[in-house]
1. Mind counting the residues in the range 273-320 that are out of contact with any Gly (no Cβ under 7 Å at 6 or more places or on another chain) and part of a helix (DSSP H, G or I)?
2. Is it true that Lys229 is buried (at least 16 other Cβ atoms within 10 Å of the Cβ) and in a helix (DSSP H, G or I)?
3. Just to verify a result, which residue in the range 211-253, among those that are at pLDDT below 95 and in contact with a strand residue (DSSP E or B) (Cβ under 6 Å, 6 or more places away or on another chain), is nearest to Arg169 (Cα to Cα)?
4. For the range 66-100, what are the residues that are surrounded by fewer than 16 Cβ atoms within 10 Å (Cβ to Cβ), in a strand (DSSP E or B) and at pLDDT below 95?
5. Say we look at the range 354-405 and pick out the residues that are closer than 13 Å to Leu280 by Cα and of a type in the set (Val, Ile, Thr); which of these is surrounded by the most Cβ atoms within 10 Å (Cβ to Cβ)?
6. Taking the condition free of Cβ contacts under 8 Å to residues at least 24 places away in the same chain, surrounded by 14 or more Cβ atoms within 10 Å (Cβ to Cβ) and not basic (Lys, Arg), does Tyr146 pass?
7. Restricting attention to the range 7-26, which residues are aromatic (Phe, Trp, Tyr) and surrounded by fewer than 17 Cβ atoms within 10 Å (Cβ to Cβ)?
8. Restrict the check to the range 149-168 and report whether at least one residue is free of Cβ contacts under 8 Å to residues at least 40 places away in the same chain, in the same structural domain as Asp53 (by TED's automatic domain parsing), farther than 15 Å from Pro61 by Cα and not in a helix (DSSP H, G or I).
Amino acid sequence: MEKLRFSELDEKMIYHRLSNGLSVYVLPKNFNKTYVTFTTKYGSIDNRFRTPDKNEWVQVPDGIAHFLEHKMFEMPDGSDVFQQFGRQGAQANAFTSFNRTAYLFSTTDQVEKNLQTLLDFVQTPAWTDKSVEKEKGIIGQEIRMYDDNPDWRVYYGLIRNMYRNHPIRIDIAGTVESISDITKELLYDCYTTFYHPSNMLLFITGPVDPDRILKLVEENQNRKGFKEKKPIERHDPDEPEKVAKKTSVIKMDVSLPKCLIGFKEKSPYRSGEKLMKHELSVSLLLELIFGRGTENYRILTDEHLIDESFSFDYSEEWSFGFSMIGGNTADPERLIERLKKMIDDFKNCPLDMEAFDRARKKQIGGVLRAFNSLEYIANQFTRYRLNQMDLFNLIPAFESLTGSDLKAALEDHFNEDRFTSFSVLKK
């Protein structure tokens, strides 16, 4: 057991790696609520992999990680896990992203009982051929629903413009065609490969006793037999640096057109401090160029090119990364033109160090406010940890950024060869 202290935030956390490889983090917080996440490093992009006991690469249907998340809530006795959490005073949920799947609950009561339930249902696979076939219809309806969602279409449309071969270009839920190939046996193959404790992370935060919680988790895991698991080899696709397509337009039944522009990351194989520095640098640049207090934001508003939906974001994980800028607009072509020019003008001007310092303080303030949310802490800590970063080093990392860091990120990320746009117009 290791005790970690973060003086900048006056936080203390307990870390323990169990004999089966499970990483357990307990962060005591004097809140009324307890929030717990149980996460596996397995997401939608992990559709091709190899393990030491299988010499050949295994290719599985797109959407299987999300499908597996749904099936995990099926218990051997046919009981409903959500109802069980409800009877125990907890709210439970789960999600699948590009590179992880998380199961979670929040509660103000019966924390230990709910924690046992979480560990047991995630570690008790139980599905049948019949239930798998039934799930295909349910998820197929979910896929069709998102196909009719213009915000989802513009988001994924931009990603597909960026990536030619990377599986990130496939919807997390897959397609109606791809999920039709999912079988009970394939689900078990993915489960045994990616749901081993050594590939998972348990995070508990709230008004808990760390020693008592760790003892409970250790006893729970010792009752279960886990064979030693060797590392998983994940396939990194051969993805060109340039975008797959410069621009795309589709028509849908929308009241107002939507438009996103974005830049594809050139070298998305960073982790640890390098990833944190680059991610924070690009995020700060976006704030400096398009933040609500900037002249550019005022111009876009005055020209009626944006509304309250306007946003920007940068995301990078192992093997992919991109920025996205945009929202609803009456004139997508004009918005694309203006956004590109604003970025080019920013690149050609000296960095305003006073504005840089103000933007950095604003970001730090946002982080400090976010630390009042147990959900934010748990989900972000897990995401950072899986990328060999530490959420509690976020503020020191912001404070250590220099003008040179931002200039390097500016030249590296905002490149014309890696620029693309996607618009949804009115029918």
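The values are calculated or read from the model by the stated rules, or taken from the named source; none is laboratory data. Keep in mind the model is a prediction, meaning the values are calculated, not measured. Positions of Cβ are generated from backbone atoms using ideal geometry, with glycine treated the same way; all protein chains shown enter the neighbour counts.
1. Total satisfying the criteria: 25.
2. no
3. His235
4. The answer is Asp80, and nothing else.
5. Ile395
6. When the stated conditions are applied, Tyr146 does not pass them.
7. If the condition is that a residue be aromatic (Phe, Trp, Tyr) and surrounded by fewer than 17 Cβ atoms within 10 Å (Cβ to Cβ), then Tyr15 is the only one that fits.
8. Yes, some residue in the range 149-168 is free of Cβ contacts under 8 Å to residues at least 40 places away in the same chain, in the same structural domain as Asp53 (by TED's automatic domain parsing), farther than 15 Å from Pro61 by Cα and not in a helix (DSSP H, G or I).
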